[in-house]
Amino acid sequence: MKSRWKNTAVTVITLGLITLSIFAPYRLQLYKDNQILGKPHLQENPIDDTEEEVPVLTILDKLKLLSSEKIADVSTGNQYSGDSIIIQCTAELKELFRRGVLTLDPAGTQWEQRTGSATLVMNSYDDSRAMILWTVVLSSDTAYLKCGIDDETGRILYLYTADFNGEKETLTDEKVLAFADYLGVDVGENARISALMTIFTDVLAARDTMKEYYQYRFRQGGSAVLYYAAETEYGFYLGHDVIDLPELSD
């Protein structure tokens, strides 16, 4: 009996020593590797609790980006999709109507086509200053509306509207002031300045043409930007050097 327990004990001890001889050097080497690789790495690349912050862009910053030449197509936004941006656009147009920017209720128009596309617009010299801009177009045989919507805030940054049925929207200082208030910016004194006709006419509907063209100074804090407005044959335009963006069908 004692001999049997003795043999069992010897077997267990032997297996333990074999296991230890196999795994102990591996664990020891792993520990050494961690010390060798880990410490110098942390010394050369210390963990920084403060991550680099993406600059917060104001509405004025985003208006400036509308004249950027550096753009790239994206499939969707961070806040909106192709379907939800049409809903957001409808809500914002109703708000502009409530504020007096639009005198004709857009809800009363039977739009035959609704399209929306997203584009990443970047500062040509600083890629960290960028935004996703949605271009929404609503059109029918008698009316056309195009606007650019900021994906982050859902605000309309530029707007063009035309009515070919004899009920055109007219441009007034009061409408521009109301639009500036909607954006949360101020308009300086003697804001309306006649300007040369340098606007991108591809923003307009094919059968519309420019008539009078003006500049307004929009201000926010210590910054300012020249914002453009124009009377057209069938409506008006509020925008800032808007680039021509691709459009996606429903």
What order, most packed first, do the peptides 57-66, 161-170 have when packing is the mean number of other Cβ atoms within 10 Å of each residue? 57-66, 161-170
Hypothetical label at R99: residues of the stretch 68-92 whose amide nitrogen lies under 11 Å (7 Å Cα-Cβ projection): 92
Could you list the GluC sites (Glu not before Pro) in the stretch 92-134 that lie in coil according to DSSP, counting only those with at most 16 other Cβ atoms within 10 Å of their Cβ? E112
In nm, to one decimal, how far is the S81 label point from the L120 one, both placed 7 Å along Cα→Cβ? 2.1 nm
Tally up the carbon and sulfur contribution to the accessible surface of the stretch 49-134 as a whole percent, 1.4 Å probe, everything protein left in place. 46 percent
Charge sum, other residues only, whose C-beta stays under 12 Å from T58's C-beta, Lys/Arg counted +1 and Asp/Glu -1: +2
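Please give the per residue accessible area of the stretch 52-122, computed with a probe of 1.4 Å over protein heavy atoms only, in Å².
56 Å²
The values are calculated or read from the model by the stated rules, or taken from the named source; none is laboratory data. Source: prediction; values computed, not measured. All Cβ positions, glycine included, derive from the backbone under ideal geometry; neighbour counts span all protein chains shown. With ligands, DNA and RNA removed, areas are computed over all heavy atoms of the protein, side chains included. Shrake-Rupley method; radii C 1.70, N 1.55, O 1.52, S 1.80 Å.
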